[in-house]
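All remarks here apply to the structure that follows.
Any read-out appearing in this document is the output of simple, stated calculations on the displayed coordinates, not a laboratory observation. Everything numeric here is computed off the predicted structure, so don't read it as measured data. Glycine also receives a Cβ, built like all others from the backbone with ideal geometry; neighbour counts cover every protein chain displayed.
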Amino acid sequence: MPDQPTKRQPRPPRLSLGRWRPAPPPRPGGSNLPRPGTPRPPARAPTGFRSRTFWTTLAVLFAINILFTNVFFAPAQPKTVVIPYDVFVQQVKSDNVTSVTSTSEAIVGSTKKPVTAGSGQGSATNFSTQRPSFATDDLLGVLQQHKVTIDALNPNPPTPLWQTLLLSFGPVLLLVLLFVYVSRRMASLRSGAGGILGRFGQSGARLYNAEHPPTTFADVAGIDEVKAELLEIVDFLKEPAKYERLGGTVPKGVLLIGAPGTGKTLLARAVAGEAGVPFFSISASEFIEAIVGVGASRVRDLFEKARAAAPAIIFIDEMDAVGRSRSAALRIGGNDEQEQTLNQILTEMDGFDPHEGVIVLAATNRGDVLDPALLRPGRFDRRVQVHAPDRAGRSAILRIHTRNIPLAPDVDLNEIASQTAGMVGADLRSLANEAALSAARRGAALVTLEDFTVAIEKVELGSERKLMLTPEDRERIAYHESGHALLGLLLPGADPVSRVSIIPRGQSLGATTQTPVDDRFNYGEDYLRGRITGALGGRAAEELIYGVVSTGAEADLRMVTGIAREMVVRWGMSPKVGALNYSEEGSAAIAFGTQRPYSDATAELIDSEVKRISDECLAQAVALLKANRGRLDALARALLEHDTLYAAEILRVADIRQPVVAATA
């Protein structure tokens, strides 16, 4: 199961026992949601053919019509019985039949005395029967002999004139009426008179104004350099004359680029809150519809609303949904919905009057895939990188998210910030919330350091699972995690081991956490090799103790492969490949994929170098563990006894005061 280090990116999580740590939940799009307590506008009742009342009334009227026509006003029909043909002939010969009427082979008639029919129909003076087609008797002569009144009906009577007219001209009349109705309806829709297309063409952007508690820069921390970039935007919206008198203009568009959860949407709302202007927020995916042209119409509607409310801010989240490069994939035709929407955005931004006071803010996680036309000067000509916060930034973010949380005296937010390297604002908000929930579950009045420790484990590793593991499995997991922990202590320059546990959490059966002393922004080759060696510590320990390996190192191997490949193709840390960058990011795009920027021979060389680095690090891990077998056994026994060990206990059990460098084979 995965070991879960809390390392700053690009450090991938240390994984063991073959399963990945679940990804953190995506940052909710708070700017796209109404503030709490905002009254929802009353839903418009459907009218016309979409009204439930209309169809209910129509069904009731139809039922009443059937009831009156067939029950109350139906003409009275005399009782008629069905008799066999031979019975009919006997009744004729007995002079009981007075009249008959024939339609082809069907015969109906009346008798002097009631005729009794079979099958429980009773008796009546009116009857019906069917003359067999193979009958050869002289029925006409018999009827005439017994003085029966004979009548006949035309089996193919002429169609009434009204039916002829209805069948001939009815369909044409219906088509004409339908055409007239559709023509008038479409004219109404094109005029925007509240029809379907009129509603489709509306942008649907959410407007946040001064009636709500504003978000300001006081609610944003950890990204001070970004706040400084945006202060100019706020100053322009407050005092445009200050810039215009010197001939300066503020950028029309500002693009916020950063990983999910770093606070891009929060920053945009803070700009609007500081400036005190209307803030129109919409996700780029809301422009796209199945009907071509609707997205462009929504863009026009959004910019018209913003101009009417100027000075104002337009915020478009997830800009890459419509702003992807038009040359990045094969397109059939140039008139698709996404391209029309993008073109309309470009046109609207070109049409900005520099004195209108409308500024477009956009956010994306993938600035590298945006169309170059969006990024040229005059459109999104200012691009702001929103990075994950450093240690001081994380501490400031925690102070914001704990403003309404009563903290115990033992809580040191700076210490907590040092244990959360790599976390972004959304992660820290979740961490503070989990700590408060932990205290609430205990019924405590204050949130303690223990609650934050539990919250960190839950956020990084997941909730604790109650699994019934066999003694053999627990021992293997203990040795696996001890291998990771011991190499973290022995390798020079490795991050300190803060916790090792064999308690199942989330998708892991055990975890080893290493906490860096300081945030790192540059990584040496020796450090990366140490990371690979430490990740292979679990596999090396299993091989050393049991002679065979298990599936527990699957996720470790995935991480090892990723780091080793990056060393070769991205950072030039292979003497055979050389100081070249073969990363596929930004390479030329073809129809349905990315063209590999190197030959097959180079690909084979890269694979062999990745394997060489992995093999060398595995050999180093095995050699270190062999040389420190006693420490490995001691850590495993302590884990089997206590389940979880923290930094001081780990050093005491392993009998290590300072990092020890053992000779490698």
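Set the Förster distance to 45 Å, then compute FRET efficiency between L161 and D336 from the Cβ-Cβ distance, nearest 0.05. Provide the component values of the computation, followed by the final result.
Working: r = 55 Å, r/R0 = 1.23.
The computed FRET efficiency comes out at 0.20.
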Most to least packed among 172-178, 276-282 [average Cβ atoms within 10 Å]: 276-282, 172-178
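Treating only the Cβ atoms of Lys and Arg (+1) and Asp and Glu (-1) as charged, compute the dipole magnitude of the range 377-451 about its Cα centre; round to the nearest 20 debye.
I would put it at about 460 debye.
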Relative exposure of R184, R520, judged by other C-beta atoms within 10 Å (fewest first): R184, R520
Gained length - E450 relative to L246, 0.36 nm times residue gap less alpha-carbon distance: 67.7 nm
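Calculate the FRET efficiency for N433 and R570 from the Cβ-Cβ distance with a Förster distance of 45 Å, rounded to the nearest 0.05. Intermediate results must be reported in sequence, preceding the final value.
Working: r = 36 Å, r/R0 = 0.81.
Given R0 = 45 Å and the Cβ-Cβ separation, E is 0.80.
Given R₀ = 41 Å, FRET efficiency for L178-E304 by Cβ-Cβ distance, to 0.05?
0.75
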For peptides 416-429, 224-237, sequence by mean Cβ density within 10 Å, most packed first: 416-429, 224-237
Total charge dipole magnitude, the range 471-654, about the Cα centre, Cβ charges on Lys, Arg, Asp, Glu only, Debye to nearest 20: 220
Cβ crowding within 10 Å averaged over residues, with 314-325, 404-415 ranked highest first: 314-325, 404-415
Most positive-pole-ward Cα, A439, F521, L449, against dipole of the range 393-528 from beta carbon charges: A439
Which of V115, F134, V100, positive extreme of dipole for the range 80-152 (C-beta unit charges): V115
Pair R465, T216: separation of 7 Å Cα→Cβ label points (nm): 4.8
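Mind running the shape call on the range 459-520? Use the C-alpha gyration tensor, a ≥ b ≥ c as the square roots of the eigenvalues: rounded below 1.5 for a/c, prolate if a/b tops b/c, oblate otherwise.
Numbers: a/c = 4.36, a/b = 1.58, b/c = 2.77.
Note, shape of the range 459-520 comes out oblate.
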Gain in span if fully extended, D526 to T56, counting 0.36 nm per residue against the direct Cα distance: 161.5 nm
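Over the range 533-576, what relative contact order in percent results from Cα pairs under 8 Å that are six or more residues apart?
Values: 20 pairs, mean separation 14.2, N = 44.
In percent, rounded to a whole number, it is 32.
What does the charge add up to near S94, with Lys and Arg as +1, Asp and Glu as -1, over the other residues with Cβ less than 11 Å from its Cβ? Display every interim value, and only then the final one.
On the way: positive: K93, K112, K113; negative: D95.
So the environment of S94 carries a net charge of +2.
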